[in-house]
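S.K.: Take a look at the following structure, please.
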Amino acid sequence: MENSTFYVKSYGCQMNMYDSEKIISILENKGLKKNLNPENADLIVFNTCNIRDKAAHKVYSDIGRVSKSKKKKTIAVVGCVAQAENYEMFRKNKSIDIVLGPQSYHLLPLMIDDLNNNPNQINTEFIINEKFDYLSEQNKSQGVSSYITIQEGCDKFCSFCVVPYTRGPEYSRTLESILNEVSSLTNNGAKEIVLLGQNVNAYESYSGKYKIQLSDLIKSISKNKKVKRIRYTTSHPINMSDELINLHSTNDKLMPFLHLPVQSGSSKILQRMNRKYDTDFYLGIISKLKKVNPNIEISSDFIVGYPGETEKDFNETLRLIEEIRFTQSFSFIYSPRPGTKSSLENDDTPMKIKKTRLQILQEKLKNIQFNFNKTFIGKKLEVLIENQSTSNPEYFFGRTPFMQPVYVKSLDLKPGDIINVNISTCNHKSLYATC
Ligand code: SAH
Ligand code: SF4
Ligand code: F3S
């Protein structure tokens, strides 16, 4: 495969985006060249997501499209669908050459080399520490705001979710390897570090006999003078320790914005989902956070139409949204996933009702977000500039401490600048500003 080119497509969460960057480095180190056009590439890597039915199906239609092209291609399916569907993938689509689960990307070069001997290559083992040891050496510069996976996997087993099956048990990287990667990212210009994990606040490692938790890790990262902003995502409410909550008052680099998925505002549904908290517990965490830092803003994920969700349960979710006033969120209609506990439950709510509920919920979230953005018009906000707009070079793109996207009209900014801008206008998604 020397002198060949490759194309990588990512689906799903930020962890897949991070893994894709690492896969790109692995392939470039092997002598392959990145190709932005899938038509001409020799190797296509699909880094897949299995979280909802739609995401999982998408990869098969994409494989269908690329395998029709004239040029003969090697097709590798990696990520969470590869892990979940395993050998079944070769049966469903004959053009697939490699099936590789999320914990074994370091094996990709060997598998490519071995295709001549064995045309159907597969590896779906959970050997996560090997992955991190190997991948941490694949340092790819990501830019001003850089992601770094510090924790992977999940032991929570929410009854609707495939992640514990596709990513395996919770595993945390060592402090040393994370700090090394942070240094290498900041030496390449990173100003903001976003710590990633399926349960990032369940992070736990040992330095000698000392236990290191997420709050300790954040304190250590803050000591790097080149790091100006720190974020972490995604957190689970039951792992919000007091140390972590208090850090939102004492650590200036930790941004006042937290993605803390609640899923539903009905304690009955939360129990059925096996989320391990009820609405009062969630509200308690938010009030502790607001007490230590009144400026903190919260975002969430919501599942609408979980089996057994009544109109009353749904209204409880709307009430919770009204109370917390989430400033950004993701919301989905429940999708039954093979192998999960809830896929066996009786679900008699018609799809039409679920769709209407999703629409009502999204409309509410959108209004709250719009009203929140409007409160900044005529005021100053700090922005970290990430890049210059390619379509309209008079504008620079950046983010506020609350993750709002901002377009700043200016001719003399550069990526990495942290400046106070004047907010002139907004819509529900973005802010527009001048210097
Ligand atoms: N670890 C995170 C979420 C990871 S998955 C947490 O515990 O919050 C991202 C989001 O996808 C979830 O928060 C949930 O809202 C949604 N999701 C997961 N499984 C789903 C399913 N079967 N149907 C619909 N949405 C789902
Ligand atoms: Fe899935 Fe629940 Fe684990 Fe989040 S905590 S990844 S929703 S099982
Ligand atoms: Fe999807 Fe796997 Fe992420 S299922 S959301 S890519 S952990």
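All of the numbers you see were taken from the coordinates with simple rules; none came from a lab. Owing to the predicted nature of the structure, the values given are computational and were not obtained by experimental measurement. Virtual Cβ from ideal backbone geometry, glycine too; neighbours counted across all protein chains shown.
S.K.: Could you list the residues of segment 266-300 with an amide nitrogen less than 17 Å from a label point located 7 Å from the Cα of Glu382 in the Cα-to-C-beta direction?
M.R.: Once the point is set 7 Å along Cα→Cβ of Glu382, 293-297 turn out to lie under 17 Å by backbone N, inside segment 266-300.
S.K.: Let me ask you something else. Counting alpha carbon pairs within less than 8 Å and at least 6 residues apart, what relative contact order, in whole percent, applies to segment 130-372?
M.R.: 16 percent
S.K.: Okay, moving on. Once fully extended, how much extra length lies between Lys68 and Arg325, figured as 0.36 nm per residue of separation less the alpha-carbon to alpha-carbon distance?
M.R.: Gain in length upon complete extension: 87.7 nm.
S.K.: Right, another one. Contact order normalised by length for segment 340-423, with contacts defined as Cα pairs under 8 Å and 6 or more residues apart; what percent is it?
M.R.: Computed value for segment 340-423: 27 percent relative contact order.
S.K.: What pairs in Lys58/Lys429; Lys34/Lys225; Lys54/Lys288; Lys58/Lys228 have C-alpha atoms more than 30 Å from each other?
M.R.: Lys34/Lys225; Lys54/Lys288; Lys58/Lys228
S.K.: Could you point to the residue in Ser342, Thr186, Ser207 farthest towards the positive end of segment 130-372's charge dipole, with +1 and -1 charges on the Cβ of Lys/Arg and Asp/Glu respectively?
M.R.: Thr186
S.K.: Obtain the nm distance between the two label points defined at Gln14 and Ile418 by a simple spin-label model: each point lies 7 Å from its Cα along the Cα-to-C-beta direction.
M.R.: 1.7 nm
S.K.: Quick one: of Lys9/Lys191; Lys374/Lys409; Lys22/Lys72; Lys191/Lys219; Lys219/Lys253; Lys73/Lys94, which pairs are farther than 20 Å apart, Cα to Cα?
M.R.: Result: Lys9/Lys191; Lys22/Lys72 exceed 20 Å.
S.K.: Sorted by mean Cβ packing within 10 Å, highest first, what order do the peptides 389-396, 91-98 take?
M.R.: My ranking of the peptides, most packed first, is 91-98, 389-396.
S.K.: Relative to the Cα centre, what is the charge dipole magnitude of the chain, using +1 at the beta carbon of each Lys and Arg, -1 at the beta carbon of each Asp and Glu, and rounding to the nearest 20 debye?
M.R.: That gives a dipole near 980 debye.
S.K.: Determine the calculated [θ] at 222 nm for the chain from helices alone, applying -39500 (n - 2.57) to every DSSP H run no shorter than 4 residues and normalising by the residue count; nearest 500 deg cm²/dmol.
M.R.: Theoretical 222 nm ellipticity from helices: -10500 deg cm²/dmol.
S.K.: Rank these for me by crowding, Glu323, Glu192, Glu204, going from fewest to most other beta carbons within 10 Å.
M.R.: Fewest to most other Cβ atoms nearby, the residues stand as Glu323, Glu204, Glu192.
S.K.: Percent relative contact order of the chain, based on C-alpha pairs within less than 8 angstrom and at least six residues apart?
M.R.: About 10 percent, as a whole number.
S.K.: Moving on to the next point. Which distance in nm do the two modelled labels at Met351 and Ile127 give, with both placed 7 Å along the Cα-to-Cβ direction?
M.R.: For Met351 paired with Ile127, the spin-label model returns 4.2 nm.
S.K.: Further question on the same structure: Note down the net charge around Arg229, summing +1 for each Lys or Arg and -1 for each Asp or Glu among other residues with Cβ under 10 Å from its Cβ.
M.R.: Taking every Cβ under 10 Å from that of Arg229, the sum is +2.
S.K.: Kindly put Ser61, Ser222, Ser172, Ser205 in sequence by how many other C-beta atoms sit within 10 Å of each C-beta, fewest to most.
M.R.: The order, fewest Cβ neighbours first, is Ser61, Ser222, Ser205, Ser172.
S.K.: Let me ask something else. So if I place +1 on the C-beta of Lys and Arg and -1 on the C-beta of Asp and Glu, and nothing else carries charge, what would the dipole magnitude of segment 5-127 be about its Cα centre? I want it in debye, nearest 20.
M.R.: 580 debye
S.K.: So how far, in whole Å, is the C-alpha centre of segment 378-425 from the one of segment 2-44?
M.R.: 30 Å
S.K.: Suppose the chain between Glu39 and Asn246 were pulled fully straight at 0.36 nm per residue; how much longer would it get relative to their current alpha carbon spacing?
M.R.: Gain in length upon complete extension: 69.4 nm.
S.K.: What FRET efficiency comes out for Ser430 versus Ser391 if R0 is 25 angstrom and r is the Cβ-Cβ distance? Round to the nearest 0.05.
M.R.: The pair Ser430/Ser391 has a calculated efficiency of 0.95.
S.K.: May I pose another question? Where both residues lie in the chain, what percent of DSSP beta bridges are antiparallel, nearest 5?
M.R.: Roughly 35 percent of the beta bridges in the chain run antiparallel, per DSSP.
S.K.: What is the Cα centroid distance between segment 81-124 and segment 322-337, reported in whole angstrom?
M.R.: When both Cα centres are located, 34 Å separates them.
S.K.: Give the order of Thr166, Thr5, Thr317, Thr250 when sorted by the count of other beta carbons within 10 angstrom, beginning with the fewest.
M.R.: Thr250, Thr5, Thr317, Thr166
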